[in-house]
4 protein chains.
Amino acid sequence: MPTQETLIPLSGWRRKLFVVIFEADTRAGRLFDLALIASILLSLVSVALESVASIRQSWGPQLKVLDWMFTILFTIEYVLRLICIHKPLRYARSFFGMVDLLSILPLYLGLFIPESRFLADIRVLRLLRMFRILKLTRYMGEAHELKRAMLASRRKILVFLVTVIVLVIILGTLMYVIEGEANGFTSIPIGIYWAIVTLTTVGFGDITPKTPLGQGLASLVMITGYGIIAVPTGIVTAEIARNTRATPTEDQSATRLCPHCFTEGHDRDARFCKHCGGTLPAPSRSN
Amino acid sequence: MPTQETLIPLSGWRRKLFVVIFEADTRAGRLFDLALIASILLSLVSVALESVASIRQSWGPQLKVLDWMFTILFTIEYVLRLICIHKPLRYARSFFGMVDLLSILPLYLGLFIPESRFLADIRVLRLLRMFRILKLTRYMGEAHELKRAMLASRRKILVFLVTVIVLVIILGTLMYVIEGEANGFTSIPIGIYWAIVTLTTVGFGDITPKTPLGQGLASLVMITGYGIIAVPTGIVTAEIARNTRATPTEDQSATRLCPHCFTEGHDRDARFCKHCGGTLPAPSRSN
Amino acid sequence: MPTQETLIPLSGWRRKLFVVIFEADTRAGRLFDLALIASILLSLVSVALESVASIRQSWGPQLKVLDWMFTILFTIEYVLRLICIHKPLRYARSFFGMVDLLSILPLYLGLFIPESRFLADIRVLRLLRMFRILKLTRYMGEAHELKRAMLASRRKILVFLVTVIVLVIILGTLMYVIEGEANGFTSIPIGIYWAIVTLTTVGFGDITPKTPLGQGLASLVMITGYGIIAVPTGIVTAEIARNTRATPTEDQSATRLCPHCFTEGHDRDARFCKHCGGTLPAPSRSN
Amino acid sequence: MPTQETLIPLSGWRRKLFVVIFEADTRAGRLFDLALIASILLSLVSVALESVASIRQSWGPQLKVLDWMFTILFTIEYVLRLICIHKPLRYARSFFGMVDLLSILPLYLGLFIPESRFLADIRVLRLLRMFRILKLTRYMGEAHELKRAMLASRRKILVFLVTVIVLVIILGTLMYVIEGEANGFTSIPIGIYWAIVTLTTVGFGDITPKTPLGQGLASLVMITGYGIIAVPTGIVTAEIARNTRATPTEDQSATRLCPHCFTEGHDRDARFCKHCGGTLPAPSRSN
């Protein structure tokens, strides 16, 4: 349990800022979220367009400017987050704090390091920031239900995956021995790669068996892959079917965030964080 | 509720025409529907054949004539629909009214605009007209059940799709960084396109990873895609399994259409539209 | 109901032959079935090997002889079937009678028609003869259960298939318009073929979109295809889950065949055919 | 029931060794298992790397040394297993005894037979040794549940597979007849191979139909394959859904092994093997 001094609630403009930036219960908070989603998506589109050679040649400088604009915008937002939160350092070290930093850092680092091409592509992690906002929506009930079904069947899925991996290693080695380097199976790892491509029914066709024996084994692999896809489906379906009876209750207050430990899911009438005991800001509905 | 004057029921030949063209309860109505389906399918076959270069060279003029014949036929039908319906303008602005117009317009516009090749292909939308007739069949119960299962699970499917899209964007960018332009991953959008092709187990093979690291990541993507296909299947299966207990009742009168507001699903003994209060034409079974 | 004279039961050696050839309740009958399955599979292997150019060159004459041997064997069997059955003509016109004839006819016709290559491949239909024997096994319970599940959901599957076909026609036309003949989409039928290849997640890669717009639409098609595969799976799963509660009863006497109308599924203690009223031969267990 | 003399329990250092090598209930036993898993995986990585041409050229001798080190290590382990077990011959003839031998034999044989390249790849079977250790973990409950679901539906899956195989043979022959050798369908077996590639939605694209008729039939095959994947999924799902109600009980003592007959699953308080009556070594938890 933290000491009392760390739990002094925020007040004044910092508190108002906190409610707007970190929560989604007020009109201003929702508007801020929408603006943020729009900025993230637009910045991603600009990053994606910049990677296309022909567009980079014609619109390079304009996209560069746009990129700096978004970076400065996100920098301001990052600073505001640090200011209005009670414990800036704890925020900076949290998962979303790291993601926020990673979305702005690459461009600044690029000023010092010349060949920052791969660095720049880290900006695509901005996408992860959207999950913070999605966490505040009423679709969380469904997401939690799916997550619960996945978690409940994670051990069965693990057993299934280990079996698949062992199968793929043995089949890949067999194909390497049967087909040999002349037919594209240049090594055991390539054979395993081919076995994964085939068993999962992806079938790129960049490497294909040429000998009758290889084609026979491939046929077996394909029919096996076609059959065992039923297993994960069966596992997850059985789990979801069991859960769909109980309907998830939508909790509007799921958008409240503890300013001390950044946990969510606090009840509407909660006054203290159930995880760290810190005081929660009141849910100010009117704005 | 509409005023009385707009609800004056059709009478005489216009009413008879209405029952034949818009409904499927009478023998004449069913014959009309069958003839219409046949015309639509034949006209589509002619459109498809015309697109094949070798056939266009040998049979071009004949197909042109056939095309005009169908267009004139559908024009007559469109005019008849406008005549026999109580509110022609409302019909013209309804979804199926638009589709009907779009199936005949391209050829007339092609007389004025020379390069109407792409315009002409809009004719394939004639296919949508078949749904109007399919709506009148007794397979509607099954269609509704599937639709209900899809609607009931639409939020879970949305959550799943958003996760897949985020995954695909991050994986596509990663592959672009790893493989680079030399191996076909020429830009981030192309990387995302590849990630979709791979995650959905389609696997065209037009772009494939060449580096060991890229093949390793691709293997991960494939196994993930193989595993998470279980999720939508589980969602829909659980929903259908819940619904299959209640058997859908077949309602023959589902083919009755209100001439005033174009709604369907009126009971066999209904005399007035349950949506707009307009008088429904009697279901004249004998013809 | 047939007249009495047609229902005179077979007797003497013809009856014994009937029990051996048409039924599987006696030891001789089971041995005959095993020998027949072996002959069918061997003859199919010889047909398949004959189609391989390199094998045909080295072993052509030997395979030719083998082929004639099997054909003569099946001819003798066909004649014996005609002899021991009560109504030879009715048998000859039944489904399996036709299949039996089609398995031996091609080679004889080949004597008169020189270019009988395609004719010869009709021999592969011999495979269908195996189903007659499989019908006599105790796996029929499972087959019936699967068939029942398929039949019970056939209307939902039909609705699903019609939707898929309409989707595929519209998407194929769209891709033809977007990509054009330069990128391999040479006609609307080819576009539809591509849409089927993509929507079913097969993904040959012989035709792939090249333009950004085409790749965008293709991405949509793939995600759609990935999602809607859940629908048939959900339909069939729900149906099978409903049926698995009741265990199918194994009926050993399912192998009894009426010599008059060739129907099966007669009870062990039945003396007359439940379909045509004809006398059934007694199930002679000892041999 | 075995005679008393064969059931004399091991004692002294051999018994201690037995508990460490064959069981996982003690700390030493668990450490031994972890070390073994690490050795197996490392030796497999070295086998896989050795198959890559570029790595073999630069690191060939080092990998050779590593390979011999692992082989000697596994040889020592094999000898220790023979020493500490009560009936060495029975162990040597058991499944895992054979796998253990096969993991070390190839390299020794390679000393006498020069071209041992394919022999060497048998070493990949070392992977199977991992299953012995996996058998000792608490994931066995899940594995058994999946196995039970598969076994319970094995007859339905067999019926399904036979139908798929018959379908594939007939479709492959048809495609061979339609497309012919000019379009890559060089023989009936190749046609069948193509049909499997297509029906299972793998779609390599190494062989694709070129004629309109062939593409039409291929479309049918693909839609069929897309539809019938629902069948195995439905079968397995229904079976798993039925089983998931009962939760498997985790039995820690599943890791105890009878030194006489090599059976597992003995209760924690069992003093004698429930299969052969032999004395079980006490589960020595402290070490």
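The values are calculated or read from the model by the stated rules, or taken from the named source; none is laboratory data. It should be emphasised that the depicted structure is a prediction, and the values quoted were computed from it without experimental measurement. Methodologically, a virtual Cβ is constructed for each residue, glycine included, from the backbone with ideal geometry; neighbour enumeration extends over all protein chains shown. Quick note on the areas: whole protein, heavy atoms, side chains included, nothing else; ligands and nucleic acids left out. Shrake-Rupley method; radii C 1.70, N 1.55, O 1.52, S 1.80 Å.
A few points about this structure:
- Positions within region C:200-210 being more than 32 Å from the chain's Cα centre (by Cα) and facing another protein chain (nearest Cβ under 7 Å), in sequence order: C:T208
- Enumeration of residues in region C:171-187 that are within 7 Å of another protein chain (Cβ to nearest Cβ) and open to solvent by 40 Å² or more (accessible area, probe 1.4 Å): C:T186
- Region D:63-162 holds helices (runs of 4 or more DSSP H) entirely within its bounds, and those carrying 2 or more residues that are modelled with pLDDT under 80, more than 14 Å from chain A (Cβ to nearest Cβ) and open to solvent by less than 60 Å² (accessible area, probe 1.4 Å) map to D:95-112.
- Figure legend. Inter-residue proximity from region C:211-234: first residues within 18 Å of B:G227 (Cβ to Cβ) and facing chain B (nearest Cβ under 7 Å), second residues open to solvent by 10 Å² or more (accessible area, probe 1.4 Å) and modelled with pLDDT of 90 or more, beta-carbon distance below 7 Å, spacing 6+ or different chains. Indicated pairs: C:M222/B:I196; C:I223/B:I196.
- Taking region D:179-207 as the range and being in contact (Cβ under 8 Å) with a residue 12 or more places away in the chain and aromatic (F, W, Y) as the test, the residues that pass are D:F185, D:Y193, D:W194.
- Verdict on B:L167 being open to solvent by 40 Å² or more (accessible area, probe 1.4 Å), out of contact with any strand residue (DSSP E or B) (no Cβ under 7 Å at 6 or more places or on another chain), more than 15 Å from C:G234 (Cα to Cα) and within 9 Å of chain A (Cβ to nearest Cβ): no
- Residues within region B:164-178 that are within 16 Å of C:Y226 (Cα to Cα) and in contact (Cβ under 8 Å) with a residue 24 or more places away in the chain, tallied: 3
- Filtering region A:213-227 to residues that are of a type outside the set (A, V, I, L, M, F, W, C), at pLDDT below 90 and open to solvent by 10 Å² or more (accessible area, probe 1.4 Å) leaves A:T224, A:G227.
- Check on A:I190, hydrophobic (A, V, I, L, M, F, W, C), open to solvent by less than 60 Å² (accessible area, probe 1.4 Å) and either at pLDDT 90 or above or within 23 Å of D:T237 (Cβ to Cβ) (or both): yes
- Residues in region B:10-54 that are surrounded by 15 or more Cβ atoms within 10 Å (Cβ to Cβ) and within 14 Å of chain C (Cβ to nearest Cβ): 10 in all.
- D:T249 open to solvent by 20 Å² or more (accessible area, probe 1.4 Å), modelled with pLDDT under 85 and hydroxyl-bearing (S, T, Y): yes
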